[in-house]
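Read the figures in this text as sums done on the coordinates, not as results from a lab. Note that this is a predicted model, so its numbers are computed, not measured. Heads up, the Cβs are rebuilt from the backbone with ideal geometry, glycines too, and the neighbour counts pull from every protein chain shown.
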Amino acid sequence: MDSIATSPAAACYVCGTAGFPIQTGVTDPDGAVPGEWAFRKCANKECGLVWLDPRPLESELWKAYTAYHTHTRDHTDKAEKLALGLANRLARTVLVPLWVASGLWRETDCIRHMTLNEMPAGKLLDVGCGGGRFMNRMRRRGWDAEGIDFDEKATGKITRRYGMKTYTGDLVACALPGSSYDAITMSHAIEHLYDPENTLKECLRILKPGGKLVVVTPNADSMGAALFGAFWRGWEPPRHLQIFSVKTLADFLHKAGFNINEIRTSSAGAAVIYRVSRTRQEKTGGQLSFLFRLWLVFWSYWKELAEFKAQKSGRHTGQNLLACATRSLGRAA
Ligand SMILES: [Zn+2]
């Protein structure tokens, strides 16, 4: 474990107002970086941004990712793993009728394709593409998919494995040609960015007029954040530098020059967050029994469904935010 150099971040980097702590004592869920972290909320009601305090120095951020993706130190024995895997399958099978009837099935499919299912295939850029699974999914649907990520191991693998075009590093620094993409997706990426505003402006510039940006990111006002406090998986310090709400994400998109078509919260995939957060919460008392973990599998899917249903009354308390925005037809690059 390597420590990371930070600077205190008591004031909001958007409007300069002091922030008050809304969550303290948060640790890195992946165990890559030691220490306890806090999240502050801007006291200015016109702003309301939630950010990480202290903030890692930009030059040190790479340290937060050295153990990322390779962190799974799983002590579960093989037989238990198999049983938990089977329970997971069983839960997913049993719940299909409920998922279909409630609309969660459709919602999950919509998020899997980042809402692009009904859009004619074109040129796509996935920002924060990771291992390229989403890019490959979209390619099979006819999209000309490209990806960008800070992780050169990940981008190199995508090019070798799928033959798709990737870029490594910062989107702004890449200076891709203007007005060249029909769609840009950012799934669980914007909360990692040091300068989300400039990245969004760059997305606007490289989108074709009328092109669509889709953002999915954890929701600071989610039921999970309220229920689990410091154990909520969505905090993920120090890799998550800010956690948005419907309001603050909309503010960033407007400021960058986007027209917002839709902004709401989504519960698709929330089960895994419930499972991991609850496990972290319970683990403070020692190792969890196999039966308890078995029960957690069913419980987590149940919570996802309950959270999804709660969204129907227009509450913005789903696990993730979903924003769809477009570059207006008349805007010059
Ligand atoms: Zn502020």
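Measuring from label point to label point, each 7 Å out along Cα→Cβ, what is the TYR13 to TRP299 span in nm? Label at TYR13, label at TRP299, 3.6 nm between them. Taking label positions 7 Å along the Cα-Cβ direction at both ALA43 and GLU262, the computed distance is 3.9 nm, reported to one decimal. Within a straight-line Cα-Cα reach of under 17 Å, LYS153 can be paired with the following aspartates and glutamates, leaving aside sequence neighbours fewer than 8 residues apart in one chain: ASP126, ASP170. In this rough spin-label picture, where each label sits 7 Å from Cα along the Cβ direction, the MET119-TRP105 distance is 2.6 nm.
If you model the range 219-333 as an ellipsoid using its alpha carbon gyration tensor, with each semi-axis the square root of five times an eigenvalue, the axes come out at 33, 16, 10 Å, biggest first. Here, P(r) means the percent of Cα pairs in each 5 Å bin from 0 to the largest distance; for the range 1-135 it is 2, 8, 10, 11, 11, 14, 17, 15, 9, 4, 0.
Candidate cross-link partners of LYS283 among the aspartates and glutamates, defined by an alpha-carbon separation under 18 Å and a same-chain spacing of 8 or more, comprise ASP28, ASP30, GLU36, ASP74, ASP77, GLU80, GLU236. Note down the Stokes-Einstein diffusion coefficient of the range 165-263 in µm²/s, whole number, using a Kirkwood radius over alpha carbon pairs, 20 °C, and 1.002 mPa s. In µm²/s, the coefficient is 148.
Legend: ranking of residues MET223, MET114, MET119 from fewest to most surrounding C-beta atoms inside 10 Å; resulting order MET119, MET223, MET114.
Peptides 176-183, 294-301, 91-98 ranked from most to least packed give 294-301, 176-183, 91-98, packing being the mean of other C-beta atoms within 10 angstrom over each peptide's residues. Of the trypsin sites (Lys or Arg not before Pro) found in the range 8-68, those in coil by DSSP whose Cβ has at most 15 other Cβ atoms within 10 Å are LYS45. Length available on full extension from ARG140 to GLU58: 0.36 nm per residue minus the Cα-Cα distance, which gives 25.9 nm. Between the listed residues HIS192, ASN88, ALA154, the Cα displaced farthest toward the positive end of the dipole of the chain, a dipole computed from Cβ unit charges relative to the Cα centre, is found at ASN88.
Between the listed residues TRP37, PRO21, ALA323, the Cα displaced farthest toward the positive end of the dipole of the chain, a dipole computed from Cβ unit charges relative to the Cα centre, is found at ALA323. Summary value for the chain: 18 percent relative contact order, contacts being C-alpha pairs under 8 angstrom separated by 6+ residues. With all pairs of different C-alpha atoms in the average, the Kirkwood value for the hydrodynamic radius of the chain is 20.9 Å. Computed over Cα pairs, the Kirkwood radius of the range 278-333 leads via Stokes-Einstein (0.692 mPa s, 37 °C) to a diffusion coefficient of 220 µm² per second.
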